[in-house]
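To start, the structure itself, in C-alpha cells.
The values are calculated or read from the model by the stated rules, or taken from the named source; none is laboratory data. Every value quoted in this text rests on a predicted model; they were computed, and no experiment measured them. Here Cβ is always computed from backbone atoms with ideal geometry, including for glycine, and neighbour counts include all displayed protein chains. Keep in mind that these areas ignore ligands, DNA and RNA; they rest on the heavy atoms of the full protein, side chains included. Shrake-Rupley method; radii C 1.70, N 1.55, O 1.52, S 1.80 Å.
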Amino acid sequence: MAADPVTVAGPNIPRAQEVLTPEALDFVAGLHRAFEGRRQELLARRRARRAEIAATGTLDFLPETAGIRAGDWKVAEAPRALQDRRVEITGPTDRKMVINALNSGARIWLADFEDATSPTWENVIGGQINLTDAFEGRIDFTTYAGKSYTLRPAAELATVVVRPRGWHLDENHLLVDGTPVAGAFVDFGLYFFHNAARLLARGAEDPNSGPYFYLPKTESHLEARLWNDVFTHAQARLGIPPGTIRATVLIETITAAFEMDEILYELREHAAGLNAGRWDYLFSIVKNFRDAGPNYILPDRNTVTMASPFMAAYTRLLVRTCHRRGAHAIGGMAAFIPSRRDPEVNAVALEKVRADKDREAGNGFDGSWVAHPDLVPVARACFDAVLGERPHQKENPGPAEPVTAAQLLDIAGAGGHCTRAGLHNAVQVGVRYIEAWLRGLGAVGIFHMMEDAATAEISRSQIWQWIHNGVVLSDTGEKATAELVRGLVATELAELQEELGEEEYGAGRWEEAARLFEQVALAEEFVDFLTLPALPLLG
C-alpha cells in the first residue's frame, strides 16, 4: 500500500516552492520514516532517566561505556574549513543577519534554526532560502531607511555551520503519513538536500565550504548515535562520500557532560568538536535536579560564571576530552551588545568579554562564540595572543588532574545568593523574550545582551526551583512564592505599558507572553521546554 503523501500545512511563503520541491520533501519523508521511531524511543528514555535522577539525586559516568573512555581512539581529522575556529559568531538566518554574520570577520557562522530562531513557518522556510541565496551570491538587503547590505568576496566570508532544532521539537507545518516531522529532520534535511552537492562543488575555489552542523540539546551518546545514522543515511541517499558531514555537539545538558567521550565516539567519522554552553547547561541542571534539595539550588543566574567551580570542572573536562580525541574544544558565548550611546557601559562590558575570552584561550579552548560583529575583533585578539599562527591548540592536553562526578555536581560550591533583584530580572528577561518570540523574533536584545530561548529557559526554571524549594531571598528576607512572581509580572507589564505607550504596547503580545511565562514558571508540574506550550501560539 502506497504511503500517504507529504502534507505541507503551513501558510504560503514567497519562494517556498524553491525549498519544498517534491524531491526535497521525499528526502525529508525518508528521514522521518527511517528514524522517527528511534527519536520517540530516545525521548521516552529522557523521561526515564530524569525519573532515575529524581529517585537517586545524583549522576555518574556510565559503567557500561568505561571501555570507550579508556580506549585509544580519535575522531576524523577536521576538514580545512574547520581547522581554525578561533572566533565563531552565532545568529538566526534572517536576510540581514546572514549578510552581517558572513561579513563579520569570524571564521565560523553558526546559522541558527534553533534557540535564536522563533520557528514560524516563514522563518523556517525563509532561512533555507536565505542560505541558498548566500551560497549563490545573490543575497542583499536594504532597510526601510535605505541602508544596503551586500556580501564581501567569498574568500572573506565565514564558513557556515547550521544548527537544526533539537530532537524534542516537532514541525507541525509538515506532516508525513499524518504525523508531524521532527524539526531536526526538516532543518537538516532541507539544508542538506539543497546545499550539500552545491557546497562540495565549490570546494576547489572555496575550501571553506561543506555540509557542517552544530547539534543542540543532546542528552546522551545514544542521541549522538541517532544523528550519526541520520548522516550516514543522508550521504548514501544523495551519493555524498561518507564522512563528508561534520558535526560539533553542544554539551549543554548535565547528562551529556557525563558522556563526552561516548558522544565523540558515536560520531567519530563525522565529529568536529564539542562546545561549552552556559544557559542551557544551567537550565538542564535545574530541570534534572529540581527536587534534589538545597545543594542544587542555583543562585542569581548572572552570578554563575564559567569560573564557578562546577562550571570550571565542566570546561576542563570538555577541553581535555576533545584534545585527547583530536577534536576542537569551542568555548561559550559573549552575548554583550555594544552600545553606541553609552561608552561607560561598553568599557565595563568589553573588559568582562576580554577576561572571559582570555580565560578560555588560556584554558586550552580552540575558539569561542560571540553574538555581535563588534565583538569579533575582541575575541580574536584574545585567541591570537595564545594561538599565534597555529589554527588550534589540540596539542594542549589540558589540566592533568581528573574531573570527578562530585566536581561536576558541586552546584553549592558556586556560592552566591538568591535575591529579589535576581527574581525581578528573571521575570523581566523571561517576559520580554517570550513576547518577542511570539512575534517571530528568536534573538532579542534585552538590557545590552543578546538573548535567545536558553535565557528564557533558565529564567523561568530558576523561578520554579526557588518557589518549590521555599527559597528565602537574601536581600529582602521574603520567601519566593507564586504570588510574589505574579506581582512582579504585573508590575513589569505596567512599566512596559508606560515605557512603550499605549499604541506600541497594544501592538505587541505582552499579555499572552505574561500568561505563558506564568504557566511555565509557576506550574505545579515542571514543563520540560517552554517552547512546547508556546508553539501552538505561533500559528
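Could you list, in sequence order, all residues of region 305-324 that are out of contact with any strand residue (DSSP E or B) (no Cβ under 9 Å at 6 or more places or on another chain) and over 16 Å from residue 253 (Cβ atoms)? Passing the criteria: 305, 307, 308, 309, 312, 316, 324.
Residues considered: 236, 257, 247, 224. Of these, the only one that is of a type outside the set (Asp, Glu) and without any contact (Cβ under 8 Å) to a residue 12 or more places away in the chain is 236. Output yes when any residue across region 234-252 is in a helix (DSSP H, G or I), out of contact with any Phe, Trp or Tyr (no Cβ under 8 Å at 6 or more places or on another chain), at pLDDT 95 or above and surrounded by 24 or more Cβ atoms within 10 Å (Cβ to Cβ), and no when none is. No, that holds for no residue.
Within region 507-530, the set of residues being in a helix (DSSP H, G or I) and open to solvent by 20 Å² or more (accessible area, probe 1.4 Å) comprises 507, 510, 511, 512, 515, 518, 519, 522.
Matching residues to (1) closer than 18 Å to residue 458 by Cβ; (2) outside any helix (DSSP H, G or I):
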| position | (1), (2) |
| --- | --- |
| 269 | no, yes |
| 272 | no, yes |
| 275 | yes, yes |
| 281 | yes, no |
| 286 | yes, no |
| 291 | yes, yes |
| 299 | yes, yes |
| 302 | yes, no |
| 305 | yes, yes |
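Of all strands (runs of 3 or more DSSP E) completely enclosed by region 83-194, which ones contain at least 2 residues that are aliphatic (A, V, I, L, M) and either over 25 Å from residue 390 (Cα atoms) or touching a residue at least 12 places away in the same chain (Cβ under 8 Å) (or both)? Please lay out each step first, then the result.
On the way: elements: 87-92, 108-112, 140-142, 148-150, 159-163, 170-176, 179-182.
The qualifying strands (runs of 3 or more DSSP E) are 87-92, 108-112, 159-163, 170-176, 179-182.
All conditions in (1) in a helix (DSSP H, G or I); (2) of a type in the set (Asp, Glu); (3) open to solvent by 10 Å² or more (accessible area, probe 1.4 Å) hold for residue 262, with the sole exception of (3). Here residue 364 fulfils each of the conditions (1) surrounded by fewer than 23 Cβ atoms within 10 Å (Cβ to Cβ); (2) on the phi > 0 side of the Ramachandran plot; (3) in contact (Cβ under 8 Å) with a residue 24 or more places away in the chain apart from (1). Among the residues making up region 398-411, those that are open to solvent by 40 Å² or more (accessible area, probe 1.4 Å), modelled with pLDDT of 95 or more and not hydroxyl-bearing (Ser, Thr, Tyr) are 406, 407, 410.
If I go through region 319-335 residue by residue, how many of them are open to solvent by less than 10 Å² (accessible area, probe 1.4 Å) and under 20 Å from residue 454 (Cα atoms)? Looking only at that region, the number is 4. Exactly one residue out of 96, 74 is open to solvent by 70 Å² or more (accessible area, probe 1.4 Å) and touching a Lys or Arg at 6+ places or on another chain (Cβ under 9 Å), and it is 74. Take region 337-381 and flag every residue that is over 15 Å from residue 315 (Cβ atoms), of a type outside the set (D, E, K, R) and in contact with a strand residue (DSSP E or B) (Cβ under 8 Å, 6 or more places away or on another chain). Listed by number, the residues that qualify are 337, 349, 350, 353, 370, 371, 372, 373, 375, 376, 378, 379.
Condition test on residue 170, is it more than 22 Å from residue 452 (Cα to Cα) and of a type outside the set (S, T, N, Q)? So residue 170 fails the test. The set of residues from region 425-455 being surrounded by fewer than 22 Cβ atoms within 10 Å (Cβ to Cβ), aliphatic (A, V, I, L, M) and more than 18 Å from residue 497 (Cβ to Cβ) comprises 441, 449, 450.
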